[in-house]
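One structure is given below, encoded as structure tokens.
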Amino acid sequence: MAEGALRIGIDVGGTNTDAVVLDAADRVVAKAKRPTTPDVTAGLRAALDAVLAEVAAWDRITRVMLGTTHATNAILERRNLGRVAVLRLGAPATTSVPPLSDWPDDLRKAVSAGEAIVPGGHYVDGREISPLDLGAIRRFLDGVRADAVAVTGVFSPASADQERVVEELVGNEYGLSVSVSHEIGSLGLLERENATVLNAALYGVAAHVTDALVAALAERGLGARPYLAQNDGTLMTVAHAARLPVSTIGSGPANSLRGAAFLSGVRDAIVADVGGTSTDLGVLAGGFPRESAAAVEIGGVLTNFRMPDILAIALGGGTVIRAAGGTVGPDSVGYRIAEEALVFGGSTMTLTDAAVAGGRVPADAAGWRERLEAAAANMSETFGDTLQRALAVADATVIDAVDRMALGRADRPLVAVGGGAFLLPAEIPGVSRVVRPEHAEVANAVGAAIALASGRVDTILPAGESRSKAIERAKEEAAARAVAAGADPAGVEIVDLLEVPLSYLSEPAVRVHVKAAGPLSR
């Protein structure tokens, strides 16, 4: 990045939208936290305006990075999703399990414009199961009305030739957007197919987000280049996000982990991101999120994304405490915390109130204790005991979650970030210490601002004399995908290479996963 240049990181959370401005030396020069609005975009604009008000030279802002919950919300709420023609290249081998057979009924009705299994697909070694039947594909597409087409071939990560042929046919003859599975998921037919269909359903949502971001920058006269955060803590261009919007799912936790590593200087740690509604716990390994080995469920649908290994618990600053029985959550006042919590003059007991009563008060919490004491005067005699019990329940829940994420290791610190980080106790069993870095409340936005661009390849290669050349081709393809996502070609490096020999095949083969990453291009 040019000397003197600035960049903005924005992260849209369930309760707050955070924004930061970083200079060329990666110093935080401005930060803001604004309530997330029901339409999400208004909160984004408010946070953007808040940090811009602290920056005099807007012409020095060269990049804006956004981590957003738009895609996740659309799937969870079954809202604004496109209608998708679901096409599997896998007959006759896969007809016993139809596409979307494991989807919740309401989501399937909202998304599917029709499903078909046509001849095609490959074996694990790249040989064809059967040749494509282009006539059958045309007959299926002629009979559906869809906004996009999702194409999934059996073992397409091993050979994507058939998917590319279908993509070209659909684009040329039907003019529809096409989501192809070899660009999205890894091995595992049903999970990869699910991810491909979700990706196609999100094209309209992605267009809304990217248009809103571009418009917000234009309205403010900013010539900065926009980027969106991915679920592995890296970035992609707006054009790349328009093609692969499903990659933005899970960007919030990934941004939090990357921001925590940057702000604390700790590369191996447990991270607790405490928001207004929930606390997300993850693990840093070498400064990057530890990835989940299990299938990731999104809106009731199993996918095989490479996602951070996250444990979410229903504890946050807005978590509701009930006097009857002293129960804690799981419901939260969410972004209404500034109106409803007792420490803000409201009438709802929250976990923030319990923390303040227990002596855990943020440095910038002006008037919180006084307002809580005023509220206590109108409460029953057991009010103090209720808050004390609630805080003890919350601490026990956090300790249990840390134990589950630590996997028996007690030598790592815990980095506490997020607007509710003050809720956590000073000492937690199972970690060496609790680290509370400066600017922890906007770690998510910092994580978005410092992110690299990346590309991945997950494929199967035949073993033998050509293995080394095939792995080099996989590295080149991963690097090319990183460049397509916005990385500087001169700075791209291979940051992860995993080889797994596959057994029980007629010919030796190896599964190869390659990840390339690099700084953004100038």
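A short reminder: the numbers here are calculations on the coordinates, not readings from a lab. Since we're looking at a predicted model, the values are computed, not measured. Reconstructed Cβ throughout: ideal geometry from the backbone, glycine too, with neighbour counts over all protein chains shown.
List of remarks:
- Given charges at beta-carbon only (K, R positive; D, E negative), |dipole| of the stretch 72-176 in Debye: 300 debye
- Estimated vicinal HN-Hα couplings, Hz - the stretch 120-132 in sequence order (Karplus 6.51, -1.76, 1.60; Gly, Pro = x): x, x, 10, 7, 4, 8, x, 6, 5, 6, 7, x, 5
- Distances between placed amide hydrogens fall under 5 Å for ASN16 paired with THR36, GLY276, all partners being 5 or more residues away or on another chain.
- For ASP488, the residues 5 or more places off, or on other chains, whose built amide H falls under 5 Å of its own are LEU520, SER521.
- Angle of helix 41-52 to the longest C-alpha principal axis of the chain, folded into 0 to 90 degrees and rounded to 10: 60°.
- Bridgeable aspartates and glutamates around LYS31 (alpha carbons under 20 Å apart, same-chain partners fewer than 8 residues away excluded): ASP11, ASP18, ASP23, ASP49, GLU54, ASP59, ASP273, ASP364, GLU438, GLU441.
- Over the chain, DSSP H runs of length four or greater, each weighted -39,500 (n - 2.57), average out per residue to a 222 nm ellipticity of -10000 deg cm²/dmol.
- Degrees, to the nearest 10: 161-173 long Cα axis against longest axis of the chain: 90 degrees
- Shown in residue order for the stretch 362-374 are the 3J(HN,Hα) couplings computed by the Karplus curve 6.51 cos²θ - 1.76 cosθ + 1.60 at θ = phi - 60°: x, 5, 9, 8, 5, x, 5, 4, 4, 5, 5, 5, 5 Hz (x for Gly and Pro).
- Rounded to whole numbers, the Karplus 3J(HN,Hα) couplings from phi for the stretch 232-238 are 9, x, 10, 10, 8, 5, 4 Hz, using 6.51 cos²θ - 1.76 cosθ + 1.60 with θ = phi - 60°, and x at Gly and Pro.
- Qualifying GluC sites (Glu not before Pro) in the stretch 361-440, where qualification requires a DSSP coil assignment and no more than 15 other C-beta atoms within 10 Å, comprise GLU381, GLU427, GLU438.
- Qualifying lysines (Cα of each under 28 Å from Cα of LYS109; at least 8 residues distant if same chain): none
- Net length gained if the chain between ALA215 and GLU77 were fully extended (0.36 nm per residue, minus Cα distance): 47.2 nm
- When each of the peptides 85-92, 385-392 is scored by the mean number of other C-beta atoms lying within 10 Å of its residues, the order from highest to lowest reads 85-92, 385-392.
- Using the Cβ-Cβ distance between GLU297 and ALA365 with R0 set to 35 Å, the FRET efficiency from 1/(1 + (r/R0)^6) comes to roughly 0.40.
- Student exercise, the chain dipole from Lys, Arg, Asp, Glu Cβ charges, in Debye to nearest 20: 380 debye
- Nearest-ten-degree value, helix 251-264 long axis tilted from longest Cα axis of the chain: 60 degrees
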